[in-house]
Every structure is written in structure tokens, then in C-alpha cells.
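Any read-out appearing in this document is the output of simple, stated calculations on the displayed coordinates, not a laboratory observation. Since this is a predicted model, take the numbers as computed values, not measurements. In this analysis, Cβ positions are derived from the backbone assuming ideal geometry, glycine residues included, and neighbour counts consider all displayed protein chains.
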Amino acid sequence: MSTQPSSKSATPTDDSSPSKRALKERGNLFEIAGAQVNKAAEAIGLDPDVSAILAQPKNEVIINFPVRLEDGRYHVFKGYRIQHNNLLGPFKGGMRYHEEANLDEMKALASWMTYKSALHDIPFGGSKGGIKVNPRDLSRLELERITRRFTHALGNNIGPEWDIPAPDVGTNEQTMVWMMDTYMNVVGFQDKNAVRRVVTGKSVLSGGSHGRRAATGQGIIHCITEWAVEKNFDLDGATFIIQGFGNVGTHTARLLSKLGGVMVGVGDHTGYIANPEGINAHKLMEHVRRTGGVAEYRGGKSITRKRFFEIDAQIFVPAALELELGDEEAKALRCKLVAEGANGPTYPSAEKILLDKGIEIIPDILANSGGVVVSYYEWLQNKRSERWEESEVLAKLERRMKRTYQNVRQYSQRHEVDLRTASYGIGLERLQQAYSERGIFP
Ligand code: NAD
């Protein structure tokens with residue numbers, strides 16, 4: 001038995017990347033998330049009892065489970081499911097497969113889901129989970145075995161009215177379909193179809209929603225569009241750079257290009273490329289599908305990570321991992337807007353530098369919330385045995401994103417706070433009100 005999965009492929013990464021730095025050096029993500037909440041709690045005078053409750057997740061599930069890989073040996077994996085809060089509805093949050101997955105990261109990500117749902121007034125709480133593994137090291141069969149074994153081991157810790165996973169970094173529609181199928185097969189024949197909504201982000205054929213795949217990117221676009229209208233900023237011809245070219249990055253790039261935006265730089269775990277004439281998002285998506293990363297794409301010149309942040313572009317969308325935007329990167333950036341596609345990409349000190357430079361930040365819990373919005377629509381469709389037209393889903397998403405964006409903008413003006421603090425403020429006020437109505441049992 002081994003505790004290390006076999007390494008089938010090397011993952012070339014720029015060593016200067018913060019994600020390659022020691023976790024300790026990068027700072028504790030849960031502490032950073034807590035500081036963001038505390039700032040908003042102070043601004044709105046949050047009840048200290050509510051603050052204390054929200055400061056820790058309700059449940060922390062860690063499971064070590066063995067799976068036989070294709071080398072014939074058993075390997076032990078560590079899986080997490082952190083349930084932060086379910087006051088407003090069932091726990092809801094993604095499943096991440098990443099070699100650096102750890103408890104504090106999961107706790108931070110779970111708490112952000114609580115505030116994201118509360119901000120939108122979606123009847124969900126917040127959770128997050130995943131497995132400490134590099135999915136690129138595994139074959140498809142191994143990934144399926146690991147997913148099914150973990151889902152089975154989670155047992156009643158997930159459920160359609162209890163805790164509902166979705167895709168995140170390193171997972172996708174296929175992962176969700178395996179999870180659903182495994183869960184369905186253990187609940188008994190008669191309930192099988194009734195529990196389809198135990199996960200969201202499934203393929204459309206297996207019960208997913210039209211529009212879910214691109215929903216996070218689409219939500220970012222709605223926020224950027226609202227911002228552009230406010231600032232009288234023309235998106236047609238606007239230049240942008242994107243870090244991370246997975247689910248969130250690709251759809252954001254594609255949709256922003258459709259509005260006339262020009263992608264002048266992009267990077268992922270394989271490297272960074274730039275082209276002042278523009279990089280075709282569709283062709284790059286095809287290249288990434290074939291090769292696994294943006295490096296060596298012929299339509300751009302290979303550049304360093306440092307040079308990427310110095311590119312002269314008007315919009316920056318971080319869509320990779322957390323804590324990629326530190327002081328150095330903030331000083332280098334020359335954009336007008338940072339729209340956070342990734343969760344927690346910005347260090348607090350870097351945020352201050354950006355704001356002092358007059359760069360506006362549309363915070364993660366608002367910008368990337370299109371995913372949870374359409375996950376909610378998927379969950380509703382499954383619950384009612386309905387299938388909504390894509391146009392209906394997209395119209396609902398657009399209305400909700402724009403309404404929430406406007407709520408955040410107005411709140412920030414009323415309270416004279418930045419957009420991040422305003423987003424937390426709205427969510428925290430909803431949670432506080434629900435606690436004060438319901439009280440704490442017993
Ligand atoms: P993904 O696995 O599809 O893509 C991740 C991307 O990040 C890949 O292109 C990868 O190469 C890149 N990356 C990884 N390490 C990197 C590094 N060190 N430097 C540069 N790039 C690196 O994941 P995703 O679903 O697109 O998620 C991206 C971010 O968006 C995460 O922070 C996630 O939590 C957040 N998010 C995702 C969703 C969703 O619906 N998928 C919703 C809300 C938020």
C-alpha cells in the first residue's frame with residue numbers, strides 16, 4: 001500500500017508562481033477569508049454571537065480511503081467535505097481535486113459559498129470538499145474509481161436536501177455524473193431518480209441544466225458589462241488578460257471576445273503567452289483540449305509569469321487558483337478592473353495596492369457566483385422533473401446577476417465601502433436577520 005499516487009506526467013510550472021511557494025509562506029487562506037468577513041462585520045456592526053457562529057464551519061469531514069490504481073497497488077487518498085453553514089438552505093459547494101488541497105483551504109472555500117448564496121438570496125448554505133490528488137497523474141479509470149469510492153465513503157454526509165456538491169478545480173461534468181450514479185445506486189431502487197439533484201453541474205443528458213457549463217464565465221461577463229455601463233467604458237475593443245484557462249477562464253475569454261474584447265495575454269499551469277493583436281479564444285480552447293495547456297500555442301509568444309502581469313491590458317480576470325495576486329503582481333498590473341473569477345485570488349495587501357491605484361475589484365463572491373446560481377436552477381429542475389430551455393436559464397441568470405450587482409453597488413455607495421465589503425455586508429445582514437428570527441436551538 002502506498003500513500004502517493006503514481007506520477008504519470010510531469011506538470012511544468014513556473015517556479016516563481018505563488019502556487020508553488022510553500023503554503024506557510026503563502027498565508028493561511030482561512031485566516032484571510034476570516035479577515036475579509038471581519039472587515040464587513042465591523043462595517044455593519046454585526047452581532048458578535050453571529051460572528052462567532054460564522055467564524056467556524058459546522059462540520060469538518062475528513063476521510064482517508066484506499067483505492068487500487070492501475071499499477072495494481074492500493075493508494076490511500078485524503079478526502080474532505082467541509083460544511084460551513086446551512087441556515088438558509090442545504091449546504092452547497094464544489095468538489096476540488098488538487099495536490100495541494102488542505103483543510104484550511106477547504107474551510108475558506110466553504111465559508112465563501114455561504115456568503116455567495118446569502119448575497120444572492122439563494123436558499124442554500126455553504127460547503128466545499130475534494131481530494132488531495134493531482135487528477136493529471138491519474139487515468140480516467142482511476143479517477144472514476146477514486147470518485148466513486150469517495151462518494152460512497154461520504155455516505156449520508158451528502159444528500160439532495162443536505163449537502164449538494166458541484167464541480168470546481170480539477171473536476172467536471174463527468175465527475176459529477178459518477179458521483180450522482182454512485183449515490184443513486186446506494187439509496188434503493190424506488191428513490192433512485194428522486195435523488196438526481198444530489199449533485200449539480202452534471203451533463204445535460206444526465207440531468208444537468210442547459211447553461212451550467214458556461215454559467216460562471218457568463219456571470220463574470222454580466223458583472224463586467226454592468227461595470228462598463230456605469231463607467232461609460234466601451235467593451236468593444238477593450239483589452240483583457242486571463243490567468244487560468246479551465247472552465248471559468250475559457251468561457252469568460254470566449255464571451256468577452258464575443259463582446260468585442262481582445263485577449264492580449266493568457267496563462268495556465270503550463271505557461272503564459274501574449275499577443276498584442278489578440279488571441280483567438282476558440283482556437284486556444286481547441287489547443288488546450290489537444291495538448292492540456294496554453295503553452296506552445298502558435299497564436300501567441302511565450303512569456304514569463306512576471307511579464308504577464310505587466311501586460312498593458314484594461315481588464316484582468318484571475319481564473320486559476322487562490323492567492324495568485326500578491327503585492328508584486330498588484331504593483332505591476334496596469335488594468336482598470338480586476339474581475340475575480342477564481343475564489344480568493346487576491347491577498348489583502350495586494351487589494352489595498354490595487355484600490356489605491358484606482359483599480360476596481362469585482363470580488364469573487366459576486367463575480368464568480370453565476371455557477372451557484374445556475375446550480376440552483378439545475379437543482380430546482382431536478383426537484384420538479386423539469387427541463388428548462390437554455391434561453392430561459394440564461395435570461396434568469398442575467399436578471400439575477402445584474403440585480404445582485406446593482407444591490408452591491410448601491411450598498412457600497414450607501415455605506416461608503418468597497419465592493420467586497422458590500423457583498424459580504426449584504427450576505428451577513430441576511431444571515432443575521434435569519435438568526436435573530438429563528439434563534440439558536442435549544
Ligand atoms: P479548472 O480546473 O477547470 O481550471 C483551472 C485552471 O487554472 C487551469 O487552466 C489550470 O491550468 C490553471 N492553473 C492551475 N494552477 C495554476 C498556476 N499555478 N498558475 C496558473 N494557472 C494555473 O477550474 P475552474 O473550475 O475553472 O476553477 C478556476 C477557479 O474558479 C477556482 O478558483 C474555482 O474555485 C473558481 N470557481 C469555479 C467555478 C466553477 O463553476 N467551475 C465557480 C466559481 C468559482
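Relative contact order of the stretch 188-267, taken over Cα pairs closer than 8 Å and 6 or more residues apart, is 28 percent.
Computed over the alpha carbons of the stretch 174-247, Rg followed by Dmax gives 18.6, 57 Å.
Using Cβ point charges alone (K and R +1, D and E -1), the dipole size of the stretch 124-211 about the Cα centre works out to roughly 100 debye.
A Cβ-based charge dipole, computed about the Cα centre of the stretch 225-318 with Lys and Arg at +1 and Asp and Glu at -1, lands at about 420 debye.
Positive-end ranking of 162, 74, 274 along the dipole of the chain, with charges on Cβ about the Cα centre, is headed by 74. Hey, which aspartates and glutamates would be in cross-link range of residue 258, C-alpha to C-alpha under 13 Å, not counting anything within fewer than 8 residues on its own chain? Within the straight-line limit of under 13 Å, residue 258 reaches these aspartates and glutamates: 236.
Separation of the stretch 150-203 and the stretch 28-47, taken as the distance between their Cα centroids, equals 32 angstrom. Mean projection of the Cα convex hull over all viewing directions, computed for the chain: 20.8 nm². Here, the stretch 153-288 yields an orientationally averaged convex hull projection of 10.3 nm² when only Cα atoms define the hull.
The DSSP beta bridges internal to the chain are antiparallel in roughly 50% of cases. Here is how the number arises for the chain: DSSP H runs of 4 or more residues each give -39500 (n - 2.57), the sum is divided by the residue count, and the result at 222 nm is -14000 deg cm²/dmol. Here the chain is assigned +1 on the Cβ of each Lys and Arg and -1 on the Cβ of each Asp and Glu. Its dipole about the Cα centre then comes out at about 980 debye. Taking the Cα centre of the stretch 330-424 as the origin and placing charges on Cβ (Lys, Arg +1; Asp, Glu -1), which of 415, 363, 397 is farthest toward the positive end of the dipole? With unit charges placed on the Cβ atoms, the residue in question is 415. Placing unit charges on the Cβ atoms of the charged side chains and taking the dipole of the stretch 296-438 about its Cα centre, the candidate lying farthest along the positive direction among 317, 425, 374 is 374. With all pairs of different C-alpha atoms in the average, the Kirkwood value for the hydrodynamic radius of the stretch 145-189 is 10.8 Å.
Ignoring lysines fewer than eight residues from residue 352 along the same chain, the ones with Cα atoms less than 25 angstrom from its Cα are 20, 24, 39, 107, 116, 231, 306, 331, 336. Taking amide H as placed 1.01 Å from N in the peptide plane, residue 271 has its amide H under 5 Å from the amide H of 294, 295, each at least 5 places away in sequence or on another chain.
Under the combined filter of DSSP loop state and at most 16 neighbouring Cβ atoms within 10 Å, the stretch 379-438 retains these GluC sites (Glu not before Pro): 386, 389, 416. Among beta bridges identified by DSSP and lying wholly in the stretch 208-314, the antiparallel ones come to about 60 percent. At most 10 other C-beta atoms within 10 Å and a DSSP loop state: those are the exposed trypsin sites (Lys or Arg not before Pro) I care about. Give me the longest piece of the chain that has none. Here the longest segment lacking exposed loop sites spans 1-297. For the stretch 101-202, list log₁₀ I(q)/I(0) at each q in 0.16, 0.21, 0.23, 0.24 Å⁻¹, using the Debye formula over Cα point scatterers of equal strength and ignoring solvent, two decimals each. Listed by q, the Debye log ratios stand at -0.73, -1.18, -1.34, -1.40.
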